[in-house]
Amino acid sequence: MTAVTNGVNVQALLDAREVLKGAPEAAQFVWRASSRWQNGVHSTTTVKEFFGLGQEQSHKREAVFDADHPEVFAAEDNGITPIEYLLVGLASCLTAGVASVAQNRGIQLRSVEATLEGKHDIRGILGVDGDVRNGFNDIKVTFNIDADASKQDIEALVAQSQKRSAVFDALTNPTNVTVEVA
Amino acid sequence: MANSWRRERWDSFRLLTPNWQSRLPGHRYEGPDPDGYMTMGEVTEFIERFATLSRAPVRTGTNVTSVRRTDDGYQVTTSRGEIRCRTIVIASGACNLPALPEFADAVPDSVEQLTPFDYRGPGQLPDGGVLVVGASATGVQLAAELRRSGRPVILSVGEHVRMPRTYRGRDVLWWMDASGVWDERFDEIDDLSRARRLPSPQLVGTPERTTLDLNTLASMGVEMVGRWAAVRDGRALFSGGLRNVFSLADLKMERLLDTFDEWAKTHGRDAEVEPPERFAPTRVPEAARLQLDLRSGEVIAIIWATGFRPDYGWLDVPVIDAKGRLRHEGGVVDSPGLYALGLPVLRRRRSSFIHGVEADAREVVEHLARQLAVRR
Ligand SMILES: Cc1cc2nc3c(=O)[nH]c(=O)nc-3n(C[C@H](O)[C@H](O)[C@H](O)COP(=O)(O)OP(=O)(O)OC[C@H]3O[C@@H](n4cnc5c(N)ncnc54)[C@H](O)[C@@H]3O)c2cc1C
């Protein structure tokens, strides 16, 4: 088990789990993002500060994300479309989960690749057909994993990573969203 | 006597454990059908017979309304008077109340809501569709029964434990017993709190010994939806993660069957059972619905098969955790002289079942007797 090096500090995670069992307040995190309209459908969103473990926290660097629409939507394509960010979130969350679970189960990974496809009927957002929803109809994630493990163990890794994934949960279950004007 | 079996089960109820597994200290099934499954009436008789044989001084019809610590033991208040004692074994069961999600309150009044404690049989419901919530033993059994009555049935499926009724020609619970899976002790289990929360297996006891997994239900025409997550504007919203709860259950079943095969091989038991078999993965519906309008009349009733919880409202000793469960180490409660029996995975995996109490009781009572001896 010690020989496995996926680069995930599982011990720290397991320790945190123990500590937070007795301190649910410390487990309350708030993730934040702020955006600014640029022009057209182009906006820039920055992420730096968050709250957790009872105090304000900060990423090492501020991250900046441009979102726009592609030229087929008659836009300038200064960045990916907002809904594509959901795929980015899902892919990275599931991949992180695979690495963590593998580390915890003593499975050495050599490569983990995922391709994602989100099926989207844009008649919803365009208001062409009121019966078509705005969001994805279906998301498909295909993992390609090279590891020291049987196919069954790899499938179990991927299943467990979904079970513990924040973004998988956020996409598959409803979330209350409040949008206000300040 | 046998109150929970008499009052808290539906009419068609049968045990999911085979008759030969119905064992209590000094009392076992001795009828003609060891591989069959007891009906509710038979379980009740079985327990009454045990009471007669053991001559335990049972005070029936006596509710314990409060238990308080005193200097040298406990003060017990009952509906028929006070009892003082030095030690207590709490055997009040793990399933005193149905456990419902909070959003049950948000279900429109036009839909009737039943728990397994209220449900007796399909005849009790008006005609129309039924939404069964939860796909463990109770949920799959009630979904099948309601579907057979001709009703449209939707089953909301969260995490579950899939098992075939028989494996390699033997009851799957024979394998659990013989291979030692059920003997795994509480202090050897990796994630004990998870093991204690594990839902009941998708099993039903029928004379035909049929498997009742989600594929069986799908073939009967039961519609599967994901875990029920919320009610919004009179609509039930279901999780889109159905595929993964299927995968998790399929993978866990495979691992369990691997354990059985491995055990049979290393213990030279392969000749007495049939060859290994594997089962088709759970079929994923073409498109599972993500919402259901509860006001549309499509379902006229909801059956909450979402599990049960204990009720310790009468226990005035601070030994209950934030989730309402009793804090104990293998049945030894953190208050001198207080013990527990009959809880899930109390001392071993077997503890969750009727026949688990025998070894548990012996060990817990040993501790209790030592405690009495020391404190004299
Ligand atoms: C739906 C269902 C199906 C099951 N199927 C099986 C099966 O097929 N095979 C199997 O082996 N096990 C099965 N079990 C598990 C089985 O019920 C338990 O293992 C067994 O009942 C435990 O027995 P017990 O006497 O400890 O608890 P219980 O049977 O729950 O009995 C507890 C008793 O304590 C009484 N009580 C509670 N509080 C008080 C109080 N304050 N004062 C006085 N009395 C009180 C209750 O009224 C009840 O009579 C099933 C459980 C359920 C809920």
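Rule-based calculations on the coordinates, nothing more; no lab input. Just so you know, these numbers come straight off a predicted model, no measurement behind them. For neighbour counting, all protein chains shown are included, and Cβ atoms are generated from backbone atoms with ideal geometry for every residue, glycine included.
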### Message
Give me the one-decimal nm value for the distance between modelled label points at B:Thr259 and B:Ser66, 7 Å along each residue's Cα-to-Cβ direction.
### Response
4.5
#### Entry: Ranked list, fewest to most other Cβ atoms within 10 Å of each Cβ, for B:Thr62, B:Thr211
B:Thr62, B:Thr211
### Message
Just to be sure I understand: of the beta bridges DSSP finds with both ends in the range B:98-308, what percent are antiparallel, rounded to 5?
### Response
40
### Summary
Too long for a 27 Å Cα-Cα cut-off, among A:Lys140/B:Lys252; A:Lys163/B:Lys265; A:Lys60/B:Lys323, are A:Lys163/B:Lys265; A:Lys60/B:Lys323
### Task
Over chain B, consider all pairs of different Cα atoms and compute the Kirkwood hydrodynamic radius from their mean reciprocal separation; express it in Å, one decimal.
22.5
### Query
Hey, if you put +1 on the Cβ of every Lys and Arg and -1 on every Asp and Glu Cβ in the range B:98-308, which of B:Gln202, B:Ser179, B:Ala104 ends up farthest toward the positive end of that dipole?
B:Ala104
### Query
Considering chain A as a Gaussian network with a 10 Å cut-off on Cα pairs, which listed residue, A:Gly106, A:Gly124, A:Gly97, attains the greatest mean-square fluctuation?
A:Gly124
### Equivalent ellipsoid semi-axes, the range B:98-308, via Cα gyration tensor eigenvalues times 5, rooted, Å
34, 18, 16
### Task
Mind putting a number on the dipole of the protein assembly as shown about its Cα centre? Charges go on the C-beta only, +1 for Lys and Arg and -1 for Asp and Glu, and I need it in Debye to the nearest 20.
1880
### Message
What translational diffusion coefficient, to the nearest whole µm²/s, does chain A have by Stokes-Einstein, given a Kirkwood radius computed over alpha-carbon pairs, a temperature of 25 °C and 0.890 mPa s viscosity?
### Response
127
### Task
Can you give me the three principal axis dimensions of the protein assembly as shown from its C-alpha atoms, in Å, biggest first?
86, 56, 56
### Message
Could you work out how much longer the chain between B:Asp187 and B:Val319 gets when fully extended? Use 0.36 nm per residue separation minus the Cα distance between them, nm to one decimal.
### Response
45.5 nm
### Message
Given R₀ = 41 Å, what would the calculated FRET efficiency be for B:Ser110 paired with B:Ala280, taking r from the Cβ atoms and rounding to 0.05?
### Response
0.60
### Message
If neighbour count is taken as other Cβ atoms inside 10 Å, put B:Cys95, B:Cys85 in order from fewest to most.
### Response
B:Cys85, B:Cys95
### Message
For a quick check: sort B:His328, B:His367 by the number of other beta carbons within 10 angstrom, fewest at the front.
### Response
B:His367, B:His328
### Query
What FRET efficiency would be calculated for the residue pair A:Ile122, A:Asn78, taking the C-beta separation as r and a Förster radius of 25 Å, to the nearest 0.05?
0.80
### Task
Once you have the Cα-Cα distance between A:Asn137 and A:Gln28, take 0.36 nm times their residue separation minus that, and quote the gain in nm to one decimal.
36.1 nm
### Query
How much space per residue, in cubic angstrom, does the convex hull of the C-alpha atoms of the range B:167-240 take up?
166
### Antiparallel %, DSSP beta bridges [both residues in the protein assembly as shown], to 5
75
### Gaussian network model of chain B, springs between alpha carbon atoms under 10 Å - residue of B:Gly307, B:Gly324, B:Gly129 with greatest fluctuation
B:Gly324
### Task
Place a +1 charge on the Cβ of each Lys and Arg in the range A:81-182 and a -1 charge on the Cβ of each Asp and Glu, then give the dipole magnitude about the Cα centre in debye, rounded to the nearest 20.
240
### Query
Mean separation of Cα pairs under 8 Å and 6+ residues apart, divided by the residue count of the range B:60-213: what relative contact order is that in percent?
16
### Summary
Quick calc, the range A:1-91, dipole around Cα centre from Cβ unit charges on Lys, Arg (+) and Asp, Glu (-), nearest 20 debye, gives 400
### Computed log₁₀ I(q)/I(0) - Debye formula, equal Cα scatterers, no solvent, the range A:77-182, q 0.14, 0.17, 0.20, 0.23 Å⁻¹
-0.67, -0.87, -1.06, -1.25
### Query
When all C-alpha to C-alpha distances in the range B:1-133 are sorted into bins of 5 Å, what percent of pairs does each bin hold, rounded to whole numbers?
2, 7, 13, 15, 15, 14, 12, 11, 7, 3, 1, 0
### Query
Given 5 Å bins starting at zero, what is the percent of C-alpha pairs of the range A:22-81 in each, up to the one with the largest pair distance?
4, 17, 19, 14, 12, 11, 9, 7, 4, 2, 0
### Query
Comparing A:Thr81, A:Thr46, A:Thr172, which has the greatest mean-square fluctuation in the GNM of chain A with Cα pairs linked when under 10 Å apart?
A:Thr172
## Note on the structure
Here FRET efficiency (C-beta to C-beta, A:Asn176 to A:Ser35, R₀ 25 Å, nearest 0.05) is 0.80
